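Data first, discussion second: the structure below is written as structure tokens.
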Amino acid sequence: MEIWKKVRETISDFQMFSEGERVGIGLSGGIDSVVLVDLLERLKEELKLELYLLHLEHGIRGEESKRDLEFVKELAEKKGLPLFFKEVNVPLYAKREKLSLEEAARNLRYLFFEEAQKELHLQKIALAHTADDQVETFLLALLRGAGLKGLKGMPPKRGPYVRPLIRVWKKEIEEYALQRGLRYVVDRSNFDLSRLRNRIRLELIEFLKLFNPRIKERILEMTEILQQENEVLDLLTGKHYEELAQKEGKGVYFELEALRELPQALRLRLVAFAFRDLTGLDLSFRHRNSIRLLIEGKGGDVELPRGLLASRQGRRLYIGERPKSVEIQPKELRIPGITEIAPGLFIEASFLDQKEESPSPQVALLDLDKLTLPLKVRSPQEGDRFIPSGMANKKKLQDFFVDLKVPRFLRRGVPIVVSGDEICWVGGFRVDERFRAKEDTQRVLRLRLIKEKP
């Protein structure tokens, strides 16, 4: 099949373009991107596309990068296509953000594409990744121990990004460029064997051909199968995420009981989905496994990339920025009434004639006749003890927090309500057995912990 027909079929199969769309083409100046420009030019009348050229000068390869920019400018002028370009310093950005050159270049490249999309009002951005790139991406993910998301490779279409050459082999591109007499630049870094991707392309794939001469075709087919299956799993994960994830501030909460009822694979995809929702990054196997142990009650807090944290908070799993524990200054509770005990945190107090509802971690039902008013609220103090409801003996508050796996950094923000010198309620957790409203209680004081003033 002629290459332009194969590209036309790929565009149709994945519905990459709609008539009249503005399309930016990522143009490095290398053979793949030059061929992509030529092919889309041939198809633009049929598809009714408006084309723009996009070039980012990375500042990595010195004079060779400057040469690429000048070549791209000449090509844009020759074809009469508008060019949007920008010069950045990837090494400086990588050092500042503590990233590898490859990660830094990728981040800046996609930031550039987003800028171009807004500036030029583009509907799509066409990238020149080929079938060979897809095979290399699969093997790179395999060597790094990636899961399904990594092994499925690059999607032909994701949001505004499309890859019309994803089924075209490098050999076909070289033959097409020769037939069309296309000029292009050669990036010498593509032959640097210190880079893993280059070693995969130049050494590993050639070695694998000894076992199966058509290994590249088989891997390409497998990536398409994995993409289809991953799409189904993503839909399932997204559905459960909408149902189970509770977003609060810069974090996500899940009920631990709900997570434990799910198959482990889906449970961990939800965790990874939450992390990607917060950071745009994928979660490593090591971090996934640590969170699995946390969910199962076999591990402690997990430090995550970008300064995030996974921790067990009571009956919930939290993933997000490390919450700031607010010191609760001692003050009397307004009874009845509402008292702000910390910024955005309130205790509502009201009287009941009898025990009309069931208590919960956020609601304390206390025997008013056993309390010494006024009640006061404060942060936990060293040496605090109380009798958790349902128990007969006093327990150190610190041991109580440890048993419930309450993160140490959150403990100072737990409201402690005291009657006289005795704790009557550990806000958000448990009342003291001595003050608990029972079936024969005549007068009930209801305390409710709320995050918004009603």
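Within the stretch 288-309, the set of residues being surrounded by 16 or more Cβ atoms within 10 Å (Cβ to Cβ), touching a helix residue (DSSP H, G or I) at 6+ places or on another chain (Cβ under 8 Å) and either not in a loop (DSSP other than H, G, I, E, B) or not small (Gly, Ala, Ser) (or both) comprises 288, 291, 292, 295, 301, 302, 304, 308. Summed over the stretch 240-254, residues that are in a helix (DSSP H, G or I) and either farther than 13 Å from residue 267 by Cβ or among the β-branched types (Val, Ile, Thr) (or both) total 2. Exactly one residue out of 71, 17 is at pLDDT 90 or above and within 29 Å of the chain's Cα centre (by Cα): that is 17.
Listed conditions (1) hydroxyl-bearing (Ser, Thr, Tyr); (2) more than 18 Å from residue 155 (Cβ to Cβ); (3) touching a Pro at 6+ places or on another chain (Cβ under 6 Å) are all met by residue 10, apart from (2). Within the stretch 255-287, the residues that satisfy the criterion of being in a helix (DSSP H, G or I), in contact (Cβ under 8 Å) with a residue 40 or more places away in the chain and more than 17 Å from residue 233 (Cβ to Cβ) are 256, 257, 278. Can you spot a residue in the stretch 193-200 that is of a type outside the set (Asp, Glu) and modelled with pLDDT of 90 or more? Checked the stretch 193-200: at least one residue is of a type outside the set (Asp, Glu) and modelled with pLDDT of 90 or more. For the criterion of being among the hydroxyl-bearing types (Ser, Thr, Tyr), part of a helix (DSSP H, G or I) and over 21 Å from residue 182 (Cβ atoms), residue 18 fails.
Summed over the stretch 397-426, the residues that are basic (Lys, Arg) and in contact with a Pro (Cβ under 8 Å, 6 or more places away or on another chain) give a count of 2.
Does the stretch 400-419 include one or more residues that are surrounded by fewer than 22 Cβ atoms within 10 Å (Cβ to Cβ), hydroxyl-bearing (Ser, Thr, Tyr) and either under 34 Å from the mean Cα position of the chain (by Cα) or closer than 16 Å to residue 384 by Cα (or both)? Yes, there is a match, as at least one residue in the stretch 400-419 is surrounded by fewer than 22 Cβ atoms within 10 Å (Cβ to Cβ), hydroxyl-bearing (Ser, Thr, Tyr) and either under 34 Å from the mean Cα position of the chain (by Cα) or closer than 16 Å to residue 384 by Cα (or both). Might you check whether a residue that is out of contact with any His (no Cβ under 7 Å at 6 or more places or on another chain), aromatic (Phe, Trp, Tyr), part of a loop (DSSP other than H, G, I, E, B) and under 18 Å from residue 223 (Cβ atoms) occurs anywhere in the stretch 151-171? Looking for residues that are out of contact with any His (no Cβ under 7 Å at 6 or more places or on another chain), aromatic (Phe, Trp, Tyr), part of a loop (DSSP other than H, G, I, E, B) and under 18 Å from residue 223 (Cβ atoms), one finds at least one in the stretch 151-171, hence yes.
Evaluated against (1) under 25 Å from residue 284 (Cβ atoms); (2) assigned to a helix (DSSP H, G or I); (3) more than 19 Å from the chain's Cα centre (by Cα); (4) hydroxyl-bearing (Ser, Thr, Tyr), residue 237 falls short on exactly one condition, (3). Return yes when residue 329 is in contact (Cβ under 8 Å) with a residue 40 or more places away in the chain and either within 41 Å of the chain's Cα centre (by Cα) or not assigned by TED's automatic domain parsing to the domain that holds residue 438 (or both) and no when it is not. It is true that residue 329 is in contact (Cβ under 8 Å) with a residue 40 or more places away in the chain and either within 41 Å of the chain's Cα centre (by Cα) or not assigned by TED's automatic domain parsing to the domain that holds residue 438 (or both). None of 105, 116 is among the small types (Gly, Ala, Ser), surrounded by 15 or more Cβ atoms within 10 Å (Cβ to Cβ) and in contact with a His (Cβ under 6 Å, 6 or more places away or on another chain) except 105.
Considering the stretch 43-69, the residues that are of a type in the set (Asp, Glu) and within 30 Å of residue 8 (Cα to Cα) include one that is surrounded by the most Cβ atoms within 10 Å (Cβ to Cβ), namely 68. Within the stretch 83-104, residues that are free of Cβ contacts under 8 Å to residues at least 40 places away in the same chain reach partners that are β-branched (Val, Ile, Thr) with beta carbons closer than 6 Å, at six or more positions or on different chains, in the pairs 90/60; 104/90. So which pairs qualify, if the first residue must be in the stretch 303-316 and closer than 12 Å to residue 281 by Cβ and assigned by TED's automatic domain parsing to the domain that holds residue 257, the second must be buried (at least 21 other Cβ atoms within 10 Å of the Cβ) and small (Gly, Ala, Ser), the Cβ gap must be under 9 Å, and the two must be at least 6 apart or on different chains? Once the first residue is closer than 12 Å to residue 281 by Cβ and assigned by TED's automatic domain parsing to the domain that holds residue 257 and sits in the stretch 303-316, its partners that are buried (at least 21 other Cβ atoms within 10 Å of the Cβ) and small (Gly, Ala, Ser) give 304/310; 308/320.
In this structure, residue 312 does satisfy being surrounded by 13 or more Cβ atoms within 10 Å (Cβ to Cβ) and more than 18 Å from the chain's Cα centre (by Cα). Quick check, is residue 367 farther than 17 Å from residue 450 by Cα, among the charged types (D, E, K, R) and modelled with pLDDT of 90 or more? Spelling it out, residue 367 is indeed farther than 17 Å from residue 450 by Cα, among the charged types (D, E, K, R) and modelled with pLDDT of 90 or more. The residues on offer are 24, 59, 29, and the sole one that is among the small types (Gly, Ala, Ser), assigned by TED's automatic domain parsing to the domain that holds residue 163, in contact with a helix residue (DSSP H, G or I) (Cβ under 7 Å, 6 or more places away or on another chain) and farther than 28 Å from residue 196 by Cβ is 24.
Select from the stretch 322-334 the residues that are surrounded by 15 or more Cβ atoms within 10 Å (Cβ to Cβ) and more than 30 Å from residue 371 (Cα to Cα) and write down the one among them that is modelled with the lowest pLDDT. Ranking the candidates gives 323 first.
The values are calculated or read from the model by the stated rules, or taken from the named source; none is laboratory data. As the structure is a computational prediction, the values presented were derived from the model and not from experiment. Counting neighbours? That spans all protein chains shown, and the Cβs are built from the backbone with ideal geometry, glycine included.
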